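Next up is a structure, given as structure tokens.
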């Protein structure tokens, strides 16, 4: 029932699209949500921000029926609803677009949209019905999506539109988006925000969960800040600033920009020539790239995720064997000599992997066991045929204190640490052995603002100590903040190299989308 | 994100297995009742038969020795992320190695010389039998669960062939070898204790029990205190992290299976040198499979495996006593009881987890509320 846009601030306004009252949730000792009350008006975009572990996801999962609150109530359009499962949430008109899409990749768009809400035993009727409905939705919201294409063939931005269509087809009046821009180019993100604007105009309520302050400032009407499970502030977006929001999130003043002096690049430490990396199916993911990493500089590799950066990083670290080309470090050709990750570490090549939980740590291990991963053969950790437990523990404690890992308890399981503290420990492990070259994938993925500041400072300090750093990140802000030189990757090729001083977000965005430097 | 009930460490290790065990025994009692016997009397018989006499204890620990070897074998593979179902076949072939050494040296060398050679032969034969599935897994990606199961059948067929056609004692019907020479007899516990001046009833419990305990200690040190064990556990828990750390998962696959097979291969030390004194058809008698349950129940930790092995040893010994004294409960019934224990401690392990967590949380809350 689309109605003309309502004024979000109209006096004696109609009931809010969604209202939460006194939501409380604990996980064991963790008080994830403390008496949360907040409401979202119809026809508005409401931002929800907070650090990792602040309780935003828990709150949204309660609204969407994944978790049950221990206290409090949920009201949809002024009516109390009991939400026990996502089905209940959908029935109440709540839709959610998850950070990781919930699509069946081998199904067409149409089949995905119908999945779970088929009518009757035969598919044909449902599909025809859906086709008509979707044509209307597509028209109304400018959600242009090829209905008969298999989802895996669609770009990520379009897959996200399918998720939104799915929610709308199920009658969502309230749409929750969890970190929607994490996988998008700036241009795609722009398109998404335009679409959200249309939804707002149609009277839908949109909740945008994110940690990117810039997006909050750009598209939301109001913003709610959470910290440690509680709401610490709610303001109209036009009355606040990124600095104020960041301070609210962290609870103290933070530096949003990386402070660094101009770089003084020295000799090349790592030289990559004509490197080609194939994936399992024999498709080239990195297509003959060449570049140098010099002492005392940070090279940023920008690109939409999935354009070969991961494969490049893994080939440099020795995890993936390249099919062609050379990587030279300290007089060794790492490719020809077939040096593995451990031998490369001995040569002074350290690597903080992109996906910490998949590769950087063993989640079932304690902090001290993780602090020697990859370095477990070092003489300092041996005592005869056994591992030197005392040395391992002392070393881990030292790292934890030096890198502000909290709590500094070597025997605690790594999974009990927050993402930021895990990352600090991984970073400590990789830089404490004094590498010459440091490869860092997604330095601050899943890391809270306070820790981001710390990690960025460490990286810049390493640069100033004469190390060569390569940073791969899908966060353009991070690349712009840290890098002295930026390589942009698209479809496995380096489509351009930009000095930091010449780089703008628009320029990089175009290059990330595959437009060559020609116009620059 | 639905998580199972989270339990404190002690409850996870002690209380949960205990609750599962009790549930299995209660259900077994119901089955006994249905058969028309008194569960109470059956339970008493089971306990008395396994732990009530010196002879019973001897038999219990003798069975437990087999289960410890096979349980440790499963656990080592498990820590490397592999499910070795082939303990039965590896024990069978390992026993062949041990038995051949015993046949060869038993009559002409003293025990102290035979023992190390027999241990090495058993371990090497067992490891060799595990190597093929391991290599197939590492190189070809053939699933180790499938290949180890198939290798149990191949081992059984091969051994039957050898015992019927090659190793059989000439002039007899049953497929078994001649008796080993006395130099290949494991010292019995009763004899060893008698030398120390302690009288202990005769039972097949023998020196191999101490070897099994030694193997348990060795496994603990290897897995938790050496860099090889570290690499093993990394590869077992996160292959991507192993590659990242420069550990080759396929090398770990092969190495851990070699150790696993070697441990299973030691079963012959207890069964053949300790008790049978010859190689005979199907001497592992399912111990390789019981080892899976033992490892599962013992949480793949050597100490837990020791406890679980003793439990299953007691079930085996008490069970045969039970079938002897209660005619309505035959051998198959005893297998049913063992099966229930495996079912509750293994497959249904998590059934009581959430309720238990809730109960513990309730108790934990109480003192708080009283404040």
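Could you calculate the contour length gain from residue B:195 to residue B:113, that is, 0.36 nm times the residue separation minus the distance between their Cα atoms, to one decimal place in nm?
Additional length available on full extension: 27.4 nm.
Report the far tail of the P(r) of region A:446-498, meaning the percent of Cα-Cα pairs longer than 13 Å.
Roughly 65 percent, rounded to a whole number.
Rg/Rh for chain A to two decimals, with Rh computed the Kirkwood way over all alpha-carbon pairs.
Across chain A, the Cα-based Rg/Rh ratio is 0.99.
Below 8 Å between Cα atoms, with a sequence gap of 6+, how large is the relative contact order for chain A in percent?
15
Over the C-alpha atoms of region B:188-314, what are the Rg and the largest Cα-to-Cα span, Dmax, in Å?
According to the Cα coordinates of region B:188-314, Rg and Dmax are 17.6, 58 Å.
Okay, moving on. Ratio of alpha-carbon Rg to the 2.2 N^0.38 Å globular estimate for region B:253-365, to two decimals, please.
1.34
So between residue A:432 and residue A:152, what do we pick up on full extension, going 0.36 nm a residue minus the alpha carbon distance?
Between residue A:432 and residue A:152, full extension yields an extra 96.6 nm.
When a/c reaches 1.5 or more, the comparison of a/b and b/c decides; with that in mind, is region B:1-63 rounded, prolate or oblate per its Cα gyration tensor?
oblate
Evaluate the relative contact order of region B:64-328 (contact order divided by residue number), counting alpha-carbon pairs under 8 angstrom at least 6 apart; express in whole percent.
39
Something else: In percent, what relative contact order does region B:92-229 have, based on Cα pairs under 8 Å that are 6 or more apart in sequence?
Averaging sequence separation for qualifying contacts and normalising by length gives 25 percent for region B:92-229.
Please work out whether region B:122-229 counts as rounded, prolate or oblate from its C-alpha gyration tensor, where a ≥ b ≥ c are the square roots of the eigenvalues and a/c under 1.5 means rounded, while otherwise a/b larger than b/c means prolate and anything else oblate?
Oblate, since a/c reaches 1.5 and b/c is not below a/b.
What is the Cα radius of gyration of the protein assembly as shown over 2.2 N^0.38 Å, N being its residue count?
Normalised Rg, Cα atoms only: 1.13.
Provide A:290, B:28, B:203 in ascending order of the number of other Cβ atoms located within 10 Å of each residue's Cβ, fewest first.
A:290, B:203, B:28
OK, next. How big is region B:64-328 in terms of Cα radius of gyration and Dmax, in angstroms?
That works out to 18.7, 61 Å for Rg and Dmax.
If you don't mind, there's one more thing I want to ask. Give me the percent of Cα-Cα pairs in region B:289-334 that sit more than 17 Å apart, rounded to a whole number.
When every Cα pair of region B:289-334 is considered, 40 percent fall beyond 17 Å.
Using the Cα atoms as the points, what is the convex hull volume per residue of region A:187-247 in Å³?
Enclosed volume per residue, from the Cα hull, is 90 Å³.
Counting other C-beta atoms within 10 Å, which of B:333, A:102, A:511 has the fewest, and how do the rest follow?
Lowest count first: A:102, B:333, A:511.
Of A:220, B:147, B:65, how do they rank once you tally other Cβ atoms within 10 Å and put the fewest first?
Neighbour counts put them in this order, fewest first: B:147, A:220, B:65.
Bear in mind that the values in this text are calculations on the coordinates, not laboratory data. Small disclaimer: the values here were computed from a predicted structure and weren't measured. When we count neighbours, we look across all protein chains shown, and the Cβ atoms used for this are built from the backbone with ideal geometry, even at glycine.
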